[in-house]
Every structure is written in C-alpha cells, then in structure tokens.
Amino acid sequence: MNKRFTYYFLIFWSILSLIYGIKGSQEFHIALQSLRVEILDVFFLYATRIGEEYVLIPAILLMAIFFPWKQDKRYKIRVFYSLLLGLSLAGVLPQIGKFLMSDALRPIAVLHDLEPIEGLVASYKKSFPSGHTSITVAWVAFWSSLVFPKLRVPLFMACTALTVAISRIYLNMHWLHDVIVGGFLGFLSAYIGLWAGGFNKTS
C-alpha cells in the first residue's frame, strides 16, 4: 500500500469520523444540504460516477493490462490477482452490510423536506454502508500502489475518494456514517488484495 496515500486517507477519514462524533449524521447532512446550488448538483452528479463502471472499468483495464505490459508474466498474475481479490471484497462487503441492515433508511426517507436532485433516481432503503465509497477507495488505493510512480498522485487519489464520499451525502443517497464505514471497507479490501499479491510493502 502506498504510504502517502495511507496517510492522506487516514487523515481525511479521521476528520470525517470526528465530524460524525461531534455533529452526527443528520446534523451534518442538513448542514451540507444548506449549501445546495445548481452548479454543485451537476458537479456531484458527475463526481459520484467515479465510483461506477464509467470510470472503474477503464481504471481496472489500465492497471491490469497497460501499466504491467512490459513486466514478466508472474508480475502480471500478481497484479491481476490483487485487483480481483481486492475489488471483489470492496464490492461484496458493502452488499453484505446492506443485506444485514436492509431496513437502514436513506436520508430522503428520513428527512422529508429534502429537495430531490434532478437526474437522480431516489433510493429509500439499504443505506448502510456506501458501496460507491468502498469501491472508489479500493480502486484509487490500487492506483496509488500499482501504476507508474509518477502517475500515482496519492494526494489526488485520496481527494478523489473523499469527493465521491461527499457526493453520496450531497446527493441524499447516504449518511455520513455510511461513507465512513464504506471508505474503511474499501481501504481494508485494497490492503488485503495488495497483501495477497505480494505488494504489501508501503512505497
């Protein structure tokens, strides 16, 4: 796992956890909704797609095929195995949480005065934890560890994960505690994947 990415991620998620401890999810959600403007609606609608197939699939293909292209077969297998295991965990673990806590209501089902966001299909249950946040943290952690050193940009990758997490709250899809747990699940998944592939040394 990239050491700098680990530091930035832990700093960002510690801040989110501190906010949760001080304000709680509902108060933070209401405060964030008070900032609603059209330009942010559009920005976060696109930002949240970083945790979807539009960005995820190209990123996986680059990490699995393009960047290891000149490496030996054994290295390519290690990369493939790491990505397969880590991203699978990042996708499955949140779904287990949603299954176990299927009655966890999303913000739009609790705070009835929230304004819907144009272009977004509202969901009402299975709020905990955030799958978008989990898969995003996982793939940016892999990116920060596996691509060419000059392209790892760990601070930018950590900021990307934070942006997706905030987008899930802004778009009324998740609570603060949902994205906090989702982020830690994604980080743990990537760590396990990198460890299983032999990329467990920080860099």
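The values are calculated or read from the model by the stated rules, or taken from the named source; none is laboratory data. Quick caveat, the model's predicted, so the values are computed rather than measured. Here Cβ is always computed from backbone atoms with ideal geometry, including for glycine, and neighbour counts include all displayed protein chains.
Which of the residues belonging to the stretch 4-18 are over 18 Å from the mean Cα position of the chain (by Cα) and surrounded by 13 or more Cβ atoms within 10 Å (Cβ to Cβ)?
Answer for the stretch 4-18, where residues must be over 18 Å from the mean Cα position of the chain (by Cα) and surrounded by 13 or more Cβ atoms within 10 Å (Cβ to Cβ): there is none.
In the stretch 119-149, how many are surrounded by fewer than 24 Cβ atoms within 10 Å (Cβ to Cβ), closer than 21 Å to Phe99 by Cα and at pLDDT below 95?
6
Ala109 is checked against (1) over 17 Å from Glu53 (Cα atoms); (2) in contact with a helix residue (DSSP H, G or I) (Cβ under 8 Å, 6 or more places away or on another chain); (3) not β-branched (Val, Ile, Thr) and fails just one. What number does that condition carry?
(2)
Of all residues in the stretch 163-191, count the ones that are part of a loop (DSSP other than H, G, I, E, B), over 15 Å from Lys23 (Cα atoms) and of a type in the set (Phe, Trp, Tyr). Steps first, please.
Step one: list which residues in the stretch 163-191 are part of a loop (DSSP other than H, G, I, E, B), which gives 171-175.
Imposing the further condition that a residue be over 15 Å from Lys23 (Cα atoms) reduces the set to 171-174.
Now restrict to residues that are of a type in the set (Phe, Trp, Tyr): none.
The number of residues fulfilling the criteria is 0.
Name the single residue, out of those in the stretch 19-57 being more than 23 Å from Phe128 (Cα to Cα) and charged (D, E, K, R), that is farthest from the chain's Cα centre (by Cα).
Within the stretch 19-57, the match that is farthest from the chain's Cα centre (by Cα) is Glu38.
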